[in-house]
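Trainee: Right, I'll just put the structure down here and ask away after.
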Amino acid sequence: ELQQVTDWYEAVGTVIPLTETRIEAQVQAKVLEVLVRPGDSVTKDQPLVILDDRELATRQEQADQGRLSAASARDQAAQNVNAARAAFSRAESNYQRMKTLFSDNTITLNELEQAEAEYLTAQAGLQQARDGLQASEAALVRAEKVVEESSIASGYASINAPADGEISSRSVEPGDLAVPGKTLLTLQTGGSMQLLALVREGLVKEVRPGRELDVIITALNV
């Protein structure tokens with residue numbers, strides 16, 4: 001007897017949020033508190049995870065001390081430049097005076113050469129002081145950058161929700177170590193869901209936009 005038989009294929013899949021965000025730590029630190037659980041609704045900027053900020057605070061303090069030291073070194077370098085400039089001005093004035101006296105045959109060549117040597121030494125000292133000031137200013141800029149980075153890192157101790165949504169999964173507990181790249185929570189930021197299933201290559205052409213497919217979700221008895 002000839003009968004019409006429906007050819008069908010069953011693919012196992014998973015229902016996941018259409019739009020979701022992985023919540024990760026920006027710094028490495030111990031987890032102190034996890035304030036949400038799967039199914040909780042959250043609002044934007046709501047605290048989700050609290051990290052131990054003692055190490056971050058220590059880094060901030062060290063960065064502040066480094067900036068103060070760099071600023072003090074810069075100020076000292078500036079004073080050295082002023083002192084070297086004054087010494088150079090005196091040596092230059094004396095050298096010019098000695099050249100005039102030498103032209104008038106008032107002093108000896110040895111005295112002129114000594115004044116010239118003092119002038120060249122003062123000139124080199126001024127350049128060295130200027131180089132030191134430039135280096136100290138660069139060090140201060142680097143120290144201020146470290147302070148800025150430390151301040152930003154300190155703000156990462158509280159991990160907040162990037163948008164309104166619902167917590168769909170939680171993979172962290174108090175006492176765990178949070179590291180960048182490790183997912184702590186998954187936040188569903190949209191109400192729509194999607195079915196992710198693997199279909200063998202020979203049937204891919206049958207799965208196309210607009211085609212309706214039957215879905216069985218045993219957990220919901222539908």
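The values are calculated or read from the model by the stated rules, or taken from the named source; none is laboratory data. Computed from a prediction, not measured in an experiment: that's the story for all the values here. Cβ sites come from the backbone with ideal geometry, for glycine too, and all protein chains shown count toward neighbours. When the accessible area is computed, the model is the full protein with side chains, heavy atoms only, and any ligands, DNA or RNA have been set aside. Shrake-Rupley method; radii C 1.70, N 1.55, O 1.52, S 1.80 Å.
Trainee: Could you identify which residue out of Leu195, Leu185, Leu68 has the top mean-square fluctuation in a GNM of the chain using Cα springs shorter than 10 Å?
Mentor: Leu195
Trainee: Give me the 1.4 Å probe accessible area per residue for segment 49-104, excluding ligands and nucleic acids, in Å².
Mentor: The answer is 64 Å² per residue.
Trainee: Would you give the gap between the C-alpha center of segment 117-180 and the C-alpha center of segment 78-109, rounded to a whole Å?
Mentor: Using only Cα atoms, the two centres lie 45 Å from each other.
Trainee: Here's something else I'd like to know. Given a cut-off of 17 Å, what percent of all Cα-Cα pairs of segment 121-222 lie beyond it?
Mentor: 77
Trainee: Which net charge results for the neighbourhood of Glu144, defined as the other residues with beta-carbon distances under 14 angstrom from its beta-carbon, given Lys and Arg at +1 and Asp and Glu at -1?
Mentor: Here the count lands on 0.
Trainee: Over all directions, how big on average is the projection of the convex hull of the alpha-carbon atoms in segment 115-172, in square nanometres?
Mentor: 6.4
Trainee: Nearest 10 degrees is fine. How inclined is helix 54-103 to the longest principal axis of the chain, computing both from alpha carbons?
Mentor: 30
Trainee: Residue by residue, what Karplus-based ³J(HN,Hα) values in Hz, rounded to whole numbers, does segment 106-116 have, using 6.51, -1.76 and 1.60 with θ = phi - 60° and x for Gly and Pro?
Mentor: 8, 10, 8, 5, 5, 5, 5, 5, 5, 5, 5
Trainee: Continuing with the same structure: Roughly to the nearest percent, how much of the accessible area of segment 22-92 is carbon and sulfur, given a 1.4 Å probe?
Mentor: Here carbon and sulfur together make up 44 percent of the probe-accessible area.
Trainee: Taking the convex hull of the alpha carbon atoms in the chain, what volume per residue do you get, in Å³?
Mentor: 246
Trainee: Mind jotting down a quarter of the surface of the convex hull over the alpha carbons of segment 60-172, in square nanometres, one decimal?
Mentor: 11.0
Trainee: I would also like to ask the following. Test of understanding: in a Gaussian network model of the chain with alpha carbons linked when under 10 Å, which of Leu187, Leu32, Leu101 would top the mean-square fluctuation ranking?
Mentor: The residue with the greatest mean-square fluctuation here is Leu101.
Trainee: Under a 5 Å amide H to amide H cut-off, with H placed in plane at 1.01 Å, what residues pair with Ala163 once short-range neighbours are removed?
Mentor: Under 5 Å from the amide H of Ala163 lie the amide H atoms of Asp45, each far enough along the sequence or on another chain.
Trainee: While we're on this one: For segment 1-101, what is the per residue volume of the convex hull drawn over the alpha-carbon atoms, in cubic angstrom?
Mentor: Per-residue hull volume (Cα only) is 291 Å³.
Trainee: Here is a further query. Can you give the calculated 222 nm mean residue ellipticity of the chain, where each DSSP H run of n ≥ 4 adds -39,500 (n - 2.57) and the sum is split over every residue, rounded to the nearest 500 deg cm²/dmol?
Mentor: -16000 deg cm²/dmol
Trainee: Here's something else I'd like to know. Pick from Asp131, Asp52, Asp164: which residue has the top mean-square fluctuation in a GNM of the chain where Cα pairs under 10 Å get a spring?
Mentor: Highest fluctuation among the options: Asp131.
Trainee: If you stretched the chain out fully between Thr58 and Leu101, how much longer would it get, using 0.36 nm times the residue separation minus the C-alpha to C-alpha distance?
Mentor: Full extension from Thr58 to Leu101 adds 9.1 nm.
Trainee: Under 8 Å for C-alpha pairs, at least 6 residues apart: give me the relative contact order for the chain, rounded to a whole percent.
Mentor: Relative contact order for the chain comes out at 44 percent.
Trainee: Sticking with this one: Which aspartates and glutamates have a Cα less than 16 Å from the Cα of Lys44, not counting those fewer than 8 places away in the same chain?
Mentor: Glu20, Glu24, Asp164, Glu166
Trainee: Give, as a single signed number, the net charge of other residues whose beta carbon lies under 12 Å from the beta carbon of Ser168, with Lys and Arg counted +1 and Asp and Glu -1.
Mentor: It works out to a net charge of 0.
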